[in-house]
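The values are calculated or read from the model by the stated rules, or taken from the named source; none is laboratory data. In this text, all values refer to a predicted model and were calculated from it rather than measured experimentally. As a convention, Cβ positions derive from the backbone with ideal geometry for all residues, glycine included, and neighbour counts pool all protein chains shown. Heavy atoms of the whole protein, side chains included, go into the accessibility calculation; ligands, DNA and RNA do not. Shrake-Rupley method; radii C 1.70, N 1.55, O 1.52, S 1.80 Å.
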Amino acid sequence: ELRARVAPEYYQWVICLLKEITPMRRPGPHCIASGSSSLRMGGIDVAIPASASETAEMLVHECSHQYYHMCSWLGSTVTPEAKSHYSPLKRCERPLDRILLGYHAFGNAMIMFDRMASAGMHEQIRIRWTTVTGYMDQLVQPLQSQHNLSELGQAMYAPLREQLDRLAHPRSPHSVIA
């Protein structure tokens, strides 16, 4: 199991939560897709066929959503006056809590990629690293000031941001491969 070998913290994190995986048709040869819902705790959908690194990314990403949803049971992650912002994921304006949701999931995927790079899996993650880095560069913009994040939202954003700032490998996919 890839996660257990290169990122034991994510292995435990995923198996603690995940109860059901539903396979779905992969949308295209160079595109992965996965899904989850706040109404289906412990259940996720993942695209097949997928490589081990793609599967690890989808599991971490969707379980990040599940954990985010559980944290949201405690309250809102944004202030009432929070405005919508552009999401590169949906290519439209989205509420700030959805921006944080995407940042949380892709941020955890970036940490998983960093662990994979440390394990010598540079080529397996190169394309996804590039794609996700592009998403993260845009998702972080409305979150950086933390102005419209509630105390809960700040607690979800700030520690993750600090972890991302301390990754062993540079954020540039070209540096990871060099």
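Yes or no: region 138-153 includes at least one residue that is within 29 Å of Leu2 (Cβ to Cβ) and charged (D, E, K, R). Within region 138-153, none of the residues are within 29 Å of Leu2 (Cβ to Cβ) and charged (D, E, K, R). In region 47-81, of all residues being among the β-branched types (Val, Ile, Thr) and within 23 Å of His122 (Cβ to Cβ), the one that is most open to solvent (accessible area, probe 1.4 Å) corresponds to Thr55. In region 73-122, which residue that is free of Cβ contacts under 8 Å to residues at least 40 places away in the same chain, assigned to a loop (DSSP other than H, G, I, E, B) and not small (Gly, Ala, Ser) is nearest to Ser38 (Cα to Cα)? Ranking the qualifying residues of region 73-122, first place goes to Trp73. Number of residues in region 42-62 that are closer than 11 Å to Met24 by Cα and either of a type in the set (Lys, Arg) or in a loop (DSSP other than H, G, I, E, B) (or both): the value is 2. Which one is farthest from Val60 (Cα to Cα) among residues in region 139-154 that are open to solvent by 60 Å² or more (accessible area, probe 1.4 Å) and assigned to a helix (DSSP H, G or I)? Per the stated criteria, the residue is Glu151.
Listed by first and then second residue, the pairs linking a residue in region 39-62 that is on the phi < 0 side of the Ramachandran plot to a residue that is assigned to a helix (DSSP H, G or I) and exposed (fewer than 14 other Cβ atoms within 10 Å of the Cβ), with Cβ atoms under 7 Å apart and 6 or more places separating them unless they lie on different chains, form an empty list. Residue count for region 31-41, restricted to those that are closer than 21 Å to Leu2 by Cα and either among the polar types (S, T, N, Q) or not in a strand (DSSP E or B) (or both): 3.
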